[in-house]
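The values are calculated or read from the model by the stated rules, or taken from the named source; none is laboratory data. Being a predicted model, the structure only gives us computed values, none of them experimental. Because the Cβ atoms are built from the backbone with ideal geometry, glycine has one as well, and the counts that use them run over all protein chains shown.
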Ligand SMILES: Cc1cc2nc3c(=O)[nH]c(=O)nc-3n(C[C@H](O)[C@H](O)[C@H](O)COP(=O)(O)OP(=O)(O)OC[C@H]3O[C@@H](n4cnc5c(N)ncnc54)[C@H](O)[C@@H]3O)c2cc1C
């Protein structure tokens with residue numbers, strides 16, 4: 001074990017102060033379900049660790065049509081957020097009870113695919129992330145947060161403090177496909193949100209996980225839907241577009257080829273569910 005110092009800040013200000021003082025030598029830990037096994041196995045060898053559990057980031061506040069969720073809110077707590085049923089379903093699909101009791105919504109945003117089962121729902125809901133450092137804060141769409149596999153726009157000294165989820169309009173669907181029915185890594189996860197106006201798709205969000213370097217939006221598939229009725233033909237076009245634009249990988253669970261194939265199947269199923277069509 002390499003850890004020489006452990007900090008447990010009692011506020012966000014204290015946490016960002018510690019981060020400014022120690023820089024990258026300080027590992028930020030929320031629930032620790034990803035970070036702790038890596039330390040125990042010697043894969044990650046930080047000299048200093050900062051636990052965020054008591055930094056005041058565990059809350060769910062609703063105001064002006066937005067749900068503000070503190071970054072260390074656990075996935076079990078997310079199960080109780082009735083204003084966001086898509087997010088509840090997503091949390092229900094992430095890990096087991098023990099993982100959900102420890103794992104946080106913030107940590108899920110940083111989780112490498114195929115983890116990220118909650119982040120993918122946040123993308124479909126147009127969530128924003130609040131990044132805070134000693135010198136200020138900024139709010140940006142989650143869709144602009146990711147830059148690659150385990151890379152993002154977080155600057156040195158910044159923490160993810162809060163996730164803001166608008167009370168987004170529309171009907172939603174969430175499907176996770178893995179090798180087992182539950183407690184399983186995703187082959188593909190699809191989160192969809194569609195706003196219909198006069199029978200036509202006014203707005204579409206299709207987010208995918210397990211088929212790219214990070215949870216991603218299938219923007220060409222979204223564009224294929226907008227302006228059309230939600231019919232088998234428009235859904236087939238969206239499913240095909242999603243399958244073409246994703247960027248899957250091969251791992252011990254599934255091949256790149258199979259993941260891509262399943263994107264088409266699960267985008268179709270999610271949209272059929274929203275349209276009330278029989279698959
Ligand atoms: C057995 C098992 C099963 C799992 N199953 C699933 C699953 O089905 N679906 C799924 O999506 N995930 C799964 N996971 C992964 C993980 O448990 C979850 O993604 C969880 O939400 C991670 O949150 P955490 O708080 O534990 O992250 P941590 O381990 O605390 O942190 C993960 C990373 O994020 C960084 N980080 C965390 N919070 C912040 C913050 N606020 N600011 C800056 N950086 C931060 C840390 O530095 C670290 O690098 C599983 C993990 C295990 C061990």
**OP:** Say whether the condition of being within 13 Å of the ligand (Cβ to nearest atom), in a loop (DSSP other than H, G, I, E, B), modelled with pLDDT of 95 or more and in the same structural domain as residue 260 (by TED's automatic domain parsing) is met by at least one residue in the range 189-211.
**Re:** yes
Subject >> Exclusive hit being crowded, with 19+ Cβ neighbours inside 10 Å and not assigned by TED's automatic domain parsing to the domain that holds residue 178, set 38, 122, 79 >> reply: 122
Original post:
Can you list the helices (runs of 4 or more DSSP H) found entirely within the range 61-167 that contain at least 3 residues being touching a residue at least 12 places away in the same chain (Cβ under 8 Å), over 19 Å from residue 214 (Cβ atoms) and near the ligand (Cβ under 9 Å from one of its atoms)?
Top reply: 97-102
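Using the structure shown, decide if residue 157 is at positive phi and loosely packed, with under 14 Cβ neighbours inside 10 Å. Lay out the reasoning, then the answer.
Numbers: at positive phi: yes; loosely packed, with under 14 Cβ neighbours inside 10 Å: no.
No: the conditions fail for residue 157.
Look through 232, 213 and report the one residue that is closer than 17 Å to residue 119 by Cα and surrounded by fewer than 23 Cβ atoms within 10 Å (Cβ to Cβ).
Result: 213 is the single residue among 232, 213 that is closer than 17 Å to residue 119 by Cα and surrounded by fewer than 23 Cβ atoms within 10 Å (Cβ to Cβ).
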Subject >> Selection count where residues are within 13 Å of the ligand (Cβ to nearest atom) and modelled with pLDDT under 95, scope the range 1-21 >> reply: 0
Subject >> Residue that is surrounded by the most Cβ atoms within 10 Å (Cβ to Cβ) [pool: residues in the range 168-182 that are within 11 Å of the ligand (Cβ to nearest atom) and part of a strand (DSSP E or B)] >> reply: 176
**OP:** With respect to residue 31, determine if the residue is within 9 Å of the ligand (Cβ to nearest atom) and part of a loop (DSSP other than H, G, I, E, B).
**Re:** yes
Subject >> Yes/no for residue 49 being at pLDDT 95 or above, buried (at least 17 other Cβ atoms within 10 Å of the Cβ), within 13 Å of the ligand (Cβ to nearest atom) and in a strand (DSSP E or B) >> reply: yes
Original post:
Just to be sure, is residue 272 modelled with pLDDT of 95 or more and within 13 Å of residue 187 (Cβ to Cβ)?
Top reply: no
Subject >> Only listed residue being out of contact with any strand residue (DSSP E or B) (no Cβ under 7 Å at 6 or more places or on another chain) and closer than 21 Å to residue 28 by Cα, chosen from 132, 118 >> reply: 118
